[in-house]
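Data block below; observations after.
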Amino acid sequence: MINLQVFELVCFYAFAVITVGAALAVITLRNTVHAVLALVLTFFSTACIWMLAEAEFLAIALIVVYVGAVMVLFLFVVMMLDIDQEKLREGFVKFLPVGLIVAVVMLVEMLALIGVRAMHAQAMGVNPATAAGQSNTAWLGTALYTNYLLPFEIAALILTVGVVVAVALTLRQRHSAKYQMASEQVSVNPRDRIRIVKMDAVRPVEPVVAAAPEQESKP
């Protein structure tokens, strides 16, 4: 019989290898559509790792929000746009050393952050969801809609205001553009738009072709 901890460890390493490989494929594949599909695989593998870490809510949110909505929108936009790949790759080799330095610095920072979070988790003790005998999603929902209901509503209001402000900032009146006013279209009288005129049918007159004058003979 296979030990459960050994099986979870094997699954973790398998998901981690797939995640890293798919992430590398995102930045190395030449086809943009293939890169987007590789990014979908990266998100899905990351969600599997979060499921192993008993973070069901984050895994479900990643699948539903990013894979189910955002990445489908990205794929639709990439397939509809005609992107010139040659112009995007211009200067890549020139700025490659700077990019590698930035990537190494970010990797060191992430590893340090993971170490700090791991030590903090050990100091905190047992997972509160496990101590309460609930799943991560149920415990998070209970805590969010009971103890932190007011901050949750404030955050929702701020996001709504942000969406309204973004739409208001992008709505610009241009004199050269043509706009449709729904109120004016509804209030239009059909009689003012078309006029029916009755008239008798007239047979067209055939044009008369004049004969060419004969040339006078020379004496």
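Each value in this text was obtained by applying a stated rule to the coordinates, not by laboratory testing. On a predicted model such as this, the values are computed, not experimentally measured, just so you know.
How would you classify segment 1-81 from its alpha-carbon gyration tensor, with a ≥ b ≥ c the square roots of the eigenvalues: rounded for a/c under 1.5, else prolate if a/b is greater than b/c, otherwise oblate? Taking the square roots of the gyration eigenvalues as a ≥ b ≥ c, segment 1-81 is oblate. Here the Karplus curve 6.51 cos²θ - 1.76 cosθ + 1.60, taken at θ = phi - 60°, turns the phi angles of segment 36-48 into couplings of 5, 5, 5, 5, 4, 5, 4, 5, 5, 5, 5, 4, 5 Hz, with x standing for Gly and Pro.
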